[in-house]
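What follows is a short report on a single structure.
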Amino acid sequence: MHHKQNIYILAIESSCDDTSAAVMHNDKMLSNVVATQKIHEAYGGVVPELASRAHQQNIVPVVHQALAKANIDKKLVSAIAFTRGPGLLGSLLVGTSFAKSLSLGLKVPLIEVNHMQAHILAHFIKEEDKKVPSFPFLALTISGGHTQIVLVNNYFDMEILGETLDDAVGEAFDKSAKILGLPYPGGPLVDKYAAKGNPKAFPFPKPKVKDLNFSFSGLKTSILYFIQRETRKNPNFVEQNLNDICASIQSTIILILMDKLKKAAAQTGIKEIAIGGGVSANSGIRKALQESEVKYGWSTYIPKFEYCTDNAAMIGIVGYLKYIDGVFSDERIAAKARYVINQ
Ligand code: KG4
Ligand code: ZN
């Protein structure tokens, strides 16, 4: 991609529980500020009402900080990009209204961004010495809110090949962790204990879901019954076997993900495989993906962790790509809680 222009995009993300603002200079990130909302920890999950209130408190300082860190005057901003959806409506409204007033105030265009497209296009944020996937590629987006396999034909030509029918994979990690008495979000803790455990210690059944779709609610239930049964026999079962339990849960989840990825690769004949979303931090999935390079001849891509979890830089790269295509939004545009990737 060559660009003669200097385009500066100010991007805003507020779809769930992270308030984020970023400044991009063309496809390079100048700043990417994320305010994580700690308040939800006490509730064991995101509370929508509290999330939108926290966004209201955070958005002004976060945007200021992003501009300050980028060290550019806001008069230089070429356009405002914002997350239109999908996400929690109350959260999306905060970012949407803020982006609209900023675009009016600065007299610059507005660019709406689909959050799920952004998770995938985060791979195109420019970094030295980093290869990017070539089209067409398969993208597995895995986080606390999403589990999708997407066929990416081009920047804005995507097709969902499969997705979860119930819980997202991050939820499967977090809910399993909760059953084990671990604090929210438990995914990183399961990963940590799993490193010291035997993944074959306790076999859990894999769901039988057709096609390229996923289901994780059955796994959660079978883990719950298993733990209840074992603790009746031995009240210290979880304590004494935590590493093995975590390793077994994690390896089951990874097997489920890798099975579907393999199936998608076989069906499409595509060997360019990209992952994204907060769960891509998991060491098990990273290892499985690396091994698949040799095993199946795949080229695999994992963005920097900062660009995997919810962040505004990924909104900014989409804003840049739309800007150079001349795709702008009307100021009457509304947030969209349900917003599919190919719309
Ligand atoms: O993308 P993200 O920050 O937020 C959204 O859900 O959009 O993803 C958060 C999810 C949580 O469910 C968290 O437990 C999970 O990612 N996660 C992990 C790991 N790090 C984060 N799950 C397993 N292993 C990890 N190392
Ligand atoms: Zn997300």
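To the nearest 20 debye, what is the magnitude of the charge dipole of region 137-303 about its Cα centre, counting +1 on the Cβ of each Lys and Arg and -1 on the Cβ of each Asp and Glu?
Numbers: 19 positive and 16 negative charges, 128 e Å.
So the dipole magnitude of region 137-303 works out to roughly 620 debye.
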Out of 200, 233, 28, a Gaussian network model of the chain with alpha-carbon springs under 10 Å gives the largest mean-square fluctuation to 233
Spelling it out for residue 164: with amide H atoms placed in the peptide plane at 1.01 Å from N, the residues 5 or more places away or on another chain with amide H under 5 Å from its amide H are 147, 214
Within the chain, the percent of DSSP beta bridges that are antiparallel, given to the nearest 5, stands at 60 percent
For the pair residue 159 and residue 228, the simple spin-label estimate (label points 7 Å beyond Cα toward Cβ) gives in nm 4.3 nm
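Charges at C-beta only: +1 for Lys and Arg, -1 for Asp and Glu. How large is the resulting dipole of the chain about its Cα centre, in Debye rounded to 20? Spell out each step's value before the answer.
Details: 37 positive and 32 negative charges, 71 e Å.
My answer is approximately 340 debye.
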Candidates 244, 73, 167; GNM for the chain (alpha-carbon contacts under 10 Å) flags as most fluctuating 73
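Can you give the % of DSSP beta bridges in region 47-189 that are antiparallel, to the nearest 5? Walk me through the intermediate numbers first.
Values: 12 of 17 bridges.
Here the antiparallel bridges make up roughly 70 percent for region 47-189.
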From the Cα centre of region 10-61 to that of region 183-225, the distance in Å is 28 Å
In whole Å, largest first, the alpha carbons of the chain cover along the principal axes 68, 45, 32
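Only sites in a loop by DSSP and with at most 10 other Cβ atoms within 10 Å count here; which trypsin sites (Lys or Arg not before Pro) in region 30-122 make the cut?
For trypsin sites (Lys or Arg not before Pro) across region 30-122 that sit outside H, G, I, E and B with at most 10 neighbouring Cβ atoms in 10 Å, the list reads 107.
Using R₀ = 41 Å, calculate the FRET efficiency as 1/(1 + (r/R₀)^6) where r is the Cβ-Cβ separation of residue 334 and residue 75; round to 0.05.
0.90
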The relative contact order of region 137-303, taking Cα pairs under 8 Å that sit 6 or more residues apart, comes to a percentage of 28 percent
Once the dipole of the chain is set up from charges on Cβ (+1 Lys and Arg, -1 Asp and Glu), the residue from the list 46, 249, 265 lying farthest towards its positive end is 249
Residue-normalised 222 nm signal for the chain, counting each DSSP H run of n ≥ 4 as -39,500 (n - 2.57), nearest 500 deg cm²/dmol, is -14000 deg cm²/dmol
Looks like region 137-303, by Cα gyration tensor root eigenvalues a ≥ b ≥ c and the a/c under 1.5 rounded cutoff (else prolate when a/b is bigger than b/c, oblate otherwise), is prolate
With the charge dipole of the chain built from beta-carbon charges (+1 for Lys and Arg, -1 for Asp and Glu) about the Cα centre, the Cα from 138, 83, 125 projecting farthest to the positive end belongs to 138
Between residue 81 and residues 5 or more places away or on another chain, the pairs with built amide H atoms under 5 Å apart involve 10, 11, 12, 111
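We did not get these values from a lab; they are worked out from the coordinates using the rules stated. The model shown is predicted, which means the values in this text are computed figures rather than measured ones. Because the Cβ atoms are built from the backbone with ideal geometry, glycine has one as well, and the counts that use them run over all protein chains shown.
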